[in-house]
Amino acid sequence: GFAINLFTGLIVFNLISECIGKAPALILGQPNYVTKIVFPLELLGATAVAASCFHAIASLVVLAGFELIATGTIPITAVLLPLVWLPLILGCLGGCWLLSALGVYLRDLPQFVNVSLSILMFLSAVFYPLSALPDAWQPIMNLNPIAGAIEQTRRVLVSGHPPSFTYTALGIPLGIAWCEASFMLFQRARRGFADVI
């Protein structure tokens, strides 16, 4: 029931908020990497995403135990979770690159990002399924990619349904394009890092 759905939503949201929350200070927090040594700075974003994924996987193990105790089974569709999370992880990686580059130039960005994450939490269907909303609101909420990722994660982990074809068919190419664009912007912004730091 409710607790499993809530926990599932929180796992996805925490994965995103951990990546995005850390991102603006990633480069600023490592000035030596920028000024003294030649270091592939894009790895900082990738490492932050990997660490967040590790924490999310640990939470998934707890969720699986909780599901087994509560319902006696884990849906077979749970094996499709990597397919659901691929767009999500690509989105986080792109977001990390973009925000870490912007964070060097905009020093107030961390505060802005933290406030935005608090608002996003309530707009992302963490505490309730999208189906609980009035029909008129559902298409609007579906525009929020976080709500989509949470909803699809619940489909494969809780309801036992495969992920929606539209979500994976659109999400994966869009995630790759977003990563590519963010990486190019990061590389362009990077030239000025040493001057600003």
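The values are calculated or read from the model by the stated rules, or taken from the named source; none is laboratory data. Note that the coordinates shown come from a computational prediction; the quantities given were computed from them, not determined experimentally. FYI the Cβ positions are ideal-geometry reconstructions off the backbone, even for glycines, and counts take in every protein chain you see. Side chains included, ligands, DNA and RNA excluded: accessible areas come from the protein's heavy atoms. Shrake-Rupley method; radii C 1.70, N 1.55, O 1.52, S 1.80 Å.
What net charge is computed for the residues neighbouring residue 40, neighbours being all others with C-beta under 15 Å from the C-beta of residue 40, Lys and Arg scored +1, Asp and Glu -1?
+2
Please work out how much length the chain gains when fully extended from residue 50 to residue 32, using 0.36 nm per residue of separation minus the C-alpha to C-alpha distance, in nm with one decimal.
Length difference between fully extended and current span is 4.3 nm.
Only Lys, Arg, Asp and Glu count, each charged at its Cβ (+1, +1, -1, -1), so figure out the dipole size of the chain about its Cα centre, rounded to 20 debye.
For the chain, the charge dipole is close to 360 debye.
With the chain treated as a Gaussian network of Cα nodes joined by springs under 10 Å, which of 148, 29, 171 yields the largest mean-square fluctuation?
Between 148, 29, 171, it is 29 that shows the largest mean-square fluctuation.
Tell me, in nm to one decimal, what length is gained between residue 196 and residue 76 on full extension, where the rule is 0.36 nm per residue of separation less the Cα-Cα distance?
Using 0.36 nm per residue and subtracting the Cα-Cα distance, I get 38.1 nm.
Could you work out the helix-only [θ] at 222 nm for the chain, with each DSSP H run of four or more residues adding -39,500 (n - 2.57) and the total divided by the number of residues, to the nearest 500 deg cm²/dmol?
Calculated at 222 nm, the ellipticity per residue is -23500 deg cm²/dmol.
In a solvent-free Debye calculation with one equal scatterer on each Cα, what is log10 I(q)/I(0) for the chain at q = 0.12, 0.14 Å⁻¹, listed in the order of the q values?
-0.63, -0.82
Can you run phi through the Karplus equation (6.51, -1.76, 1.60; θ = phi - 60°) for the stretch 181-195 and list ³J(HN,Hα) in whole Hz, with x for Gly and Pro?
5, 5, 5, 5, 5, 4, 5, 6, 5, 4, 4, x, 3, 4, 5
If R0 is 22 Å, what FRET efficiency do you get for residue 123 and residue 177 from their C-beta distance, rounded to 0.05?
Between residue 123 and residue 177 the formula returns 0.40.
Going by a 4.7 Å Cβ-Cβ cut-off, which cysteines of the chain have no partner at all?
That list is 53, 96, 179.
Using a 1.4 Å probe and counting only protein heavy atoms, arrange 36, 22 so the residue with the most accessible area comes first.
Largest accessible area first, the list is 36, 22.
Quote the FRET efficiency, to the nearest 0.05, computed for residue 137 versus residue 164 with a Förster distance R0 of 22 Å and r equal to the Cβ-Cβ distance.
For residue 137 and residue 164, the calculated efficiency is 0.75.
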